[in-house]
Amino acid sequence: MPETQELSLPVVDLASKNDEFRKAALWTGDQTLRVLMAIPEGGEIGAGGHEGHDQLQYLVAGSGLTKNGETECDIADGDVSVVPSGDFDNFRNTEPGMMKLFTTYSPPDHEPCTENATTAEATRRIKQ
């Protein structure tokens, strides 16, 4: 999916239909990036910290666990997880089926049109 210049999008529908681990193709501005994500059963985003930007993760389908700093809690579709700048975070899919979400980074954390089909591919790109 090429990045769009549209400012109003059916993001829940787009996230629900996405099957790629990371699809940063929705919109990138100077201060914000919108990313679609899909986490397979038993998978996770991968523990990480984001220095210099805040992140909002909106779960649209599935359920699992989120960890922000030392706090871990259950999440389900319709929940939003806030990750302040500098905090460690992770999403883990603990239920059957694919977990679908979209996330907003402010300011952007990935290059426009970044796509990773799997967690392993995303990890390889980070280490390069």
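The values are calculated or read from the model by the stated rules, or taken from the named source; none is laboratory data. Keep in mind the model is a prediction, meaning the values are calculated, not measured. So basically every Cβ, Gly included, is an ideal-geometry build from the backbone, and we count neighbours across all protein chains shown.
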- Do you know which of the residues in region 1-49 that are among the acidic types (Asp, Glu) and either at pLDDT 85 or above or surrounded by 11 or more Cβ atoms within 10 Å (Cβ to Cβ) (or both) is farthest from Leu65 (Cα to Cα)? Glu3
- Message: Can you confirm whether Gln57 is modelled with pLDDT of 85 or more and either out of contact with any helix residue (DSSP H, G or I) (no Cβ under 6 Å at 6 or more places or on another chain) or surrounded by 12 or more Cβ atoms within 10 Å (Cβ to Cβ) (or both)?
- Response: yes
- Item | Condition met for Asp74 (modelled with pLDDT of 95 or more, of a type outside the set (Gly, Ala, Ser) and over 21 Å from Leu14 (Cα atoms)) | yes
- Residues that are over 15 Å from Arg22 (Cβ atoms): find the strands (runs of 3 or more DSSP E) completely inside region 33-88 holding 1 or more of those. 54-61, 63-68, 71-76, 80-83
- Could you say which residue among Leu65, Leu36 is within 18 Å of Tyr105 (Cβ to Cβ) and hydrophobic (A, V, I, L, M, F, W, C)? Leu36
